[in-house]
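Before any comments, here is the structure.
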Amino acid sequence: MKMLFYLTFGVLIMVGLVAAGDWTRPPAPAASASLWSEGLGGDIYYNSGSVGIGTSTPTGQLDISSAGSTTILYIDNTAGNGDPQIQYQLSGVTKYSMGIDDTGDVFEISSGAGLTFAPKFSISTSQVQAGTKFVYNKMSNFVSGDSTPSVASGNNFRATGSTNIVDFDTGSTGQVIFVHCNIGATLSVIDSGTLNLAGGNDFTCSNQFDNIVLIQLGINDWVEVSRVNT
């Protein structure tokens, strides 16, 4: 005869007497079934609901919640020339991609799959650009006294000395430019055959915050959008 004991939850329980050879090991508790399934190539997937990180009641397919001062989702590409990005699809077709182009570390939104050389929108340390026409750059300086300064380098300019402008060189159709004054500099933009100012009135500024905005509608055809004289 043998005395049979079970150790359950740290408590030794005597069950009873059994004859020698009649005892069998109790079955092990069933392992918890995994919510994840394994696919081909080591992929795992979950089709039965939403996934919550930091929440037990996710309100979307993936819900990340945190009570901390910041909630951070990292997308880190460690390749020497990799582009971390998110792609947005409709019916399995990528319509837009958003991420960082490793060439210049520029944040971009592009049409289609992947980041392209002609993004719809981009932000760098030096400019904000929408398409190929609207560009908001760091400030560039016109050469003092240049009456036909080039605007090929961007769209944000100022005069560093007294200047009378009668045309802007090397612009492109659809380009918008912002022309500012600098402290101690007097700038005039003269209404002419290529510069069409509101009411035919020349623009002259001498205060730091004065500015005029123009758009090129065609070759040698700049039109005033707005002006500020403080």
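Restricting attention to segment 153-170, which residues are of a type outside the set (S, T, N, Q) and within 38 Å of the chain's Cα centre (by Cα)?
Going residue by residue through segment 153-170, those that are of a type outside the set (S, T, N, Q) are 154, 157-159, 161, 165-169.
Scanning segment 153-170 gives G154, F157, R158, A159, G161, I165, D167, F168, D169.
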Just name the residue that is modelled with the highest pLDDT out of those in segment 125-155 that are closer than 15 Å to Q216 by Cβ and buried (at least 17 other Cβ atoms within 10 Å of the Cβ). P149
Scan segment 155-171 for residues that are out of contact with any Phe, Trp or Tyr (no Cβ under 8 Å at 6 or more places or on another chain), assigned to a loop (DSSP other than H, G, I, E, B) and not hydrophobic (A, V, I, L, M, F, W, C) and jot them down. G161, S162, T170
From the list G145, G131, which one is of a type outside the set (A, V, I, L, M, F, W, C), farther than 30 Å from D105 by Cα and out of contact with any Pro (no Cβ under 7 Å at 6 or more places or on another chain)? G145
Which condition number in (1) closer than 27 Å to G49 by Cβ; (2) among the hydroxyl-bearing types (S, T, Y); (3) exposed (fewer than 11 other Cβ atoms within 10 Å of the Cβ) is the one that T94 fails? (3)
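The values are calculated or read from the model by the stated rules, or taken from the named source; none is laboratory data. The model shown is predicted, which means the values in this text are computed figures rather than measured ones. FYI the Cβ positions are ideal-geometry reconstructions off the backbone, even for glycines, and counts take in every protein chain you see.
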